[in-house]
1. Spot the failing condition for W13; the list is (1) in contact with a Pro (Cβ under 8 Å, 6 or more places away or on another chain); (2) surrounded by fewer than 16 Cβ atoms within 10 Å (Cβ to Cβ), and only one is missed.
2. Taking helices (runs of 4 or more DSSP H) that fall entirely within the range 19-134, which contain at least 2 residues that are under 22 Å from F228 (Cα atoms) and touching a residue at least 60 places away in the same chain (Cβ under 8 Å)?
3. Only one residue in S157, S146 is within 14 Å of the chain's Cα centre (by Cα), within 21 Å of A95 (Cα to Cα) and hydroxyl-bearing (S, T, Y), so which one is that?
4. Tell me, which residue of the range 183-226 that is of a type outside the set (A, V, I, L, M) and in contact with a Leu (Cβ under 9 Å, 6 or more places away or on another chain) is nearest to I141 (Cα to Cα)?
5. Select from the range 224-251 the residues that are in a helix (DSSP H, G or I), among the hydrophobic types (A, V, I, L, M, F, W, C) and either closer than 27 Å to G16 by Cα or touching a His at 6+ places or on another chain (Cβ under 6 Å) (or both) and list them in ascending order.
6. Please enumerate the residues belonging to the range 160-175 that are within 19 Å of the chain's Cα centre (by Cα) and either of a type in the set (A, V, I, L, M, F, W, C) or at pLDDT below 95 (or both).
7. Just to be sure before I move on: is V43 closer than 23 Å to A11 by Cα, aliphatic (A, V, I, L, M), in contact with a Phe, Trp or Tyr (Cβ under 8 Å, 6 or more places away or on another chain) and modelled with pLDDT of 95 or more in the structure I sent?
8. I need the full set of residues from the range 207-223 which are basic (K, R), part of a loop (DSSP other than H, G, I, E, B) and more than 20 Å from F36 (Cα to Cα), in order please.
Amino acid sequence: MSTSSSADWAAGWLEGRTVLVTGGTGGIGGALAEAFRDAGAHVVATGATEREIAEADARESASGIVHGLLDVRSTEAVRNFVSAFEALDVVVNCAGIIRRGEELDAEVFEKVVDINLNGSMRVCEAAAPLLERSGGSIINIASMLSFFGGGLVPGYSSSKGGIAQLTKSLAIAYAPKGIRVNAIAPGWIATPLTVALQNDPSRAGPILSRTPMARWGRPEDLRGIALFLAGPHAGFITGSVIPVDGGYSIS
C-alpha cells in the first residue's frame, strides 16, 4: 500500500463512531484526526491553547473536525470535557510536549511527565465508562524513547517509557470491560517537535544513517496503524506497543 493520505481503504470502518484525539490540532495528532474523519468518524480533537484551536479551525485539511480546548494537566477539566460526550468509541492520547536540554531541571521534568503521562491517564480514566459502553479502544502515543534513554530529554523519555507500561497495564485492567488498549511508538517523525533536529546536520545525519528507510517519517505514516488498531480487524489485539520507525529500533 502507498503512503497516500487517503483513508479510502478503511472507508466505513468507523462510520457513525465518535473519536477523541487529544493533542489533535497539528503534527501527528492532526494527521490521525484527519484519518479518522476520512474513515467516517465524528472526530473531536483538542489543543492546549486558543491559538492552536484557531490555527486548526483555519486549516482546510482539518475541515469537519471539531476542535476544543483542553488542559490535560487538570483532572477536573478532563472529566468535564469527556462528560459532554453522549458516546465515545476511540480515544487517541496524543497530547504531549518535549523540552530538549531543559528537562534535567526538576520542575521542567515534572511538567513534561504530568502532561505526557499523567495527562494520558486522566483521559483514559475519564473515558473508560463511555468506552466500556461502546466496546471501544484506546490508542496511546509512545515513542522510540519508550525503549531508549535520552540524555537531553529525561522527562520525555520517562513519560514515554511510562506510556508503554501504562498501555500494558490498562490493557489488563480494562480487558474485562471490553476495552482494548494499544500504543504506537513513532520513530523520528518530521513535526514541529523535531524541527530543531531536522535543521541540525550533526543530529539529523546520525538519525537518518541509522534508519534503514533513510528518511524522516511523516505524520501520515501513522494513519494506517491507527485506523487498523481502532477498526474491526484488531479485535484480539491489546497491550501492544507497535513501532512505526522506518526500522530505526532494529538497526
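1. Here W13 clears every test but (2).
2. 27-38, 119-134
3. Numbers: S157 fails: within 14 Å of the chain's Cα centre (by Cα).
Going through S157, S146 in turn, the sole match is S146.
4. Residues of the range 183-226 of a type outside the set (A, V, I, L, M): 186-188, 191-192, 194, 198-203, 205-206, 209-212, 215-221, 223-224.
Filter once more, so that each one left must be in contact with a Leu (Cβ under 9 Å, 6 or more places away or on another chain): 186, 188, 203, 215-216, 219, 223.
Values: P186: 8, W188: 13, R203: 23, R215: 21, W216: 18, P219: 12, R223: 12 Å.
Per the criteria, the residue is P186.
5. Across the range 224-251, the qualifying residues are I225, A226, L227, F228, L229, A230.
6. Passing the criteria: I163, A164, L166, L170, A171.
7. Against the criterion (closer than 23 Å to A11 by Cα, aliphatic (A, V, I, L, M), in contact with a Phe, Trp or Tyr (Cβ under 8 Å, 6 or more places away or on another chain) and modelled with pLDDT of 95 or more), V43 qualifies.
8. The one that is basic (K, R), part of a loop (DSSP other than H, G, I, E, B) and more than 20 Å from F36 (Cα to Cα): R215.
The values are calculated or read from the model by the stated rules, or taken from the named source; none is laboratory data. It should be emphasised that the depicted structure is a prediction, and the values quoted were computed from it without experimental measurement. With ideal geometry, Cβ positions are generated from the backbone for all residues, glycine too; neighbour counts draw on all protein chains shown.
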